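First up is the structure itself, then whatever we jot down about it.
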Amino acid sequence: SPDLPYASSYCCLCVSDNDILVAGEEDESSSFYLYRLPPQWRPYFTFSRPVYRNGSPVYYALTGIPMGWCLSVGLLQCLQRLFVKLSGGNPAQEIRSSRIFPDYARGESVHSLYVDNFNEIRLLPEGEPHEIETAFQKRFVKVKEDHHVILNEDERVHGARQFSNIGAFYDGQFLGVARSKRALLVSCLLLLASGTCGCSYPQLASIIGIAS
């Protein structure tokens, strides 16, 4: 099981008046195309119809992790946890849906991994410099670069006091599920309740999964 975090996982965070909550973020670029499956898997991802080249049939097979395949997210999640381990991160500080929220007292950050997205959240005293890249985030980036993983520079965040992560939004004072996610989720539930949307249950369930 991928054991992914959810937006609601962050809603138990509490910040005192003397502290600030800051986040760093890293994101991969087209993660499903970055990793190659072992050759032994290719017979299972070969297209059924051949392409003829010089009169001979040639069968093409997927070599990357197929988006939409039931095991894709689990494989990518295992890879991200490996990168965290190689970076010296503490697995006990990962936010997972199956666990109690980790300790996030001063000096101990927590982190989340969601397919190709990495977030590190820290609690700092008010007034302490925060717009810096942590040693953990630097090591994490270096490990990925050493493995030729392409990161999305536009999505990189250091020490942000306002941030969003998998649908959770923190505005510097309150943390909750982002308004856009709530609106989409409520719309999907209304469509389900009405029974007149013309969508199948699996289709709406997929949309709700994305929204939540």
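The values are calculated or read from the model by the stated rules, or taken from the named source; none is laboratory data. It should be emphasised that the depicted structure is a prediction, and the values quoted were computed from it without experimental measurement. Glycine gets a Cβ as well: all are built from the backbone with ideal geometry, and neighbour counts include every protein chain shown. Protein only, heavy atoms only, side chains kept; ligands, DNA and RNA dropped before computing areas. Shrake-Rupley method; radii C 1.70, N 1.55, O 1.52, S 1.80 Å.
A few points about this structure:
- Charges were assigned to the Cβ only: +1 to each Lys and Arg, -1 to each Asp and Glu. The resulting dipole of the chain about its Cα centre is roughly 1060 debye.
- Accessible area per residue, Å², segment 6-79 with all protein chains present, probe 1.4 Å: 64 Å²
- Of the beta bridges in segment 30-168, as assigned by DSSP with both residues counted there, near 90 percent are antiparallel.
- Largest first, the extents of the alpha carbon coordinates of segment 1-124 on the three principal axes equal 74, 23, 20 Å.
- With the helix formula -39500 (n - 2.57) applied to DSSP H stretches of n ≥ 4, the chain reaches a computed 222 nm mean residue ellipticity of -8000 deg cm²/dmol.
- FRET efficiency, residue 18 to residue 98 (Cβ-Cβ, R0 35 Å, nearest 0.05): 0.60
- Loop-located chymotrypsin sites (Phe, Trp or Tyr not before Pro) across segment 90-143 with a Cβ neighbour count of 11 or fewer within 10 Å are lacking, with loop assigned by DSSP.
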